[in-house]
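Report on one structure; see the data block that follows.
The values are calculated or read from the model by the stated rules, or taken from the named source; none is laboratory data. Owing to the predicted nature of the structure, the values given are computational and were not obtained by experimental measurement. Cβ placement follows ideal geometry from the backbone for every residue including glycine, while neighbour counts extend to all protein chains displayed. Each accessible area value is taken on the protein alone, full model and side chains, heavy atoms only, with ligands, DNA and RNA left out. Shrake-Rupley method; radii C 1.70, N 1.55, O 1.52, S 1.80 Å.
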Amino acid sequence: MEQKSAWVEFKNECLADKLFDVLVFLLIVLAVGVTFYPFMYVVSISLSSGAAVNKGLVMLFPVDFNLSTYKMVMNYKDLWVSYGNTFYYTFVGTFLNIVFTCLAAYPLSRKRFFLRKKMNFLLAFTMYFSGGLIPTYVVVTGLGLYNSRLAMILPVLVSAYNVMICRSAFESISEELFESAYLEGANDLHVLYKIAIPLIKPTLAVLTLYYAVARYNDFFSALLYIGKQNLQPLQLFLRRILLMASSEIMQSSGSATAASAAAQSTIQIRYVCIVLSMVPILCLTPFIQKYLVKGTMLGAVKG
């Protein structure tokens, strides 16, 4: 019924509106194609046979379906060690991110907080000016966090932008709810946990996705602070594999056939590692996607 009514509405539009709708539709199709094709190509290369990849037969769909490269990569122990480290950094880090974001945003949303204006100014100030990379590195290493799991969590514990989103969501809650809770004898922690947080679940779901994706994709912090290979996350492992594969191709010697076979093998290993690194986020996103629009817009418009 919705599709039928949309078609009827389209037919009743004027020519200019029809042209605009067609243009928007074509742009959407183009955007989907531009983003979908590279993803599908990587997956197809990883699932194809080495001979098909070597001959350049893979364009969009897998050719001669083969999982031998997946078996080779998944038998590599360091892959699972880095996976475990990434899950730890993502789950623990995201949980602490959400906790401290709520603890920072809630008082900043209350008008009776006497430092509200000053703290909001300082929060916004940090979005435009920071101490820089070298001072941050000196502080982290000076605290003894080098080669520690905490080095992946504490330096990025709170995002100023996400605190502002959460603050706006708290401000959109009716003040009467808080006043009623205070009259019943509730303190600020009870109000935060029992009233405020349940009412902004869509926003928290979106912030959880933001934090989780940032944590999952973070390799620069590990590059700076994690020297031990058994503590490095998946993204740093992937970076190492890509660089090693490139050097192997450049340093390969022998006949053209041997060089081509080596290139074929390294390219497939690269793409298999990329696909394996995408799987957790692809599994998580559909469960949070329904909250994206509602959570992002909550508190953005004042009535």
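Before moving on, here are some points about what is shown:
- Cleavage-rule hits (trypsin sites (Lys or Arg not before Pro)) in segment 127-228: DSSP loop, at most 16 neighbouring Cβ within 10 angstrom: Lys228
- Taking every C-alpha pair closer than 8 Å and separated by at least 6 residues, the mean separation divided by the residue count of segment 81-198 gives a relative contact order of 38 percent.
- Extension gain from Ser174 to Cys14, taking 0.36 nm per residue of separation minus the Cα-Cα distance: 53.3 nm
- Modelled this way, with points 7 Å down the Cα-to-C-beta line, the labels at Leu103 and Tyr182 are 2.3 nm from one another.
- The 1.4 Å probe gives accessible areas that order Leu108, Leu115, largest first, as Leu115, Leu108.
- Segment 140-185-segment 30-72 distance, computed between alpha-carbon centres (Å): 42 Å
- Shown here for segment 8-91: chymotrypsin sites (Phe, Trp or Tyr not before Pro) in loop regions (DSSP other than H, G, I, E, B) with at most 11 other Cβ atoms within 10 Å, namely Phe65.
- Mean sequence separation of contacting Cα pairs (under 8 Å, at least six apart), scaled by the length of segment 13-90, corresponds to a relative contact order of 20 percent.
- Efficiency of FRET between Thr126 and Met278 - r from beta-carbon atoms, R0 30 angstrom, step 0.05: 0.45
- Selection of GluC sites (Glu not before Pro), segment 149-221, meeting DSSP coil and at most 14 other Cβ within 10 Å: Glu184
- Relative to the compact-globule estimate of 2.2 N^0.38 Å, the Cα radius of gyration of segment 1-116 comes out at 1.90.
- Neighbour net charge for Leu236 - beta-carbon separation under 14 angstrom, K R +1, D E -1: +3
- Longest to shortest principal axis, alpha-carbon extents of segment 97-215, angstrom: 49, 28, 23
- Electrostatic bookkeeping for Phe100 treats Lys and Arg as +1 and Asp and Glu as -1; over the other residues with beta carbon under 14 Å from its beta carbon, the sum is +2.
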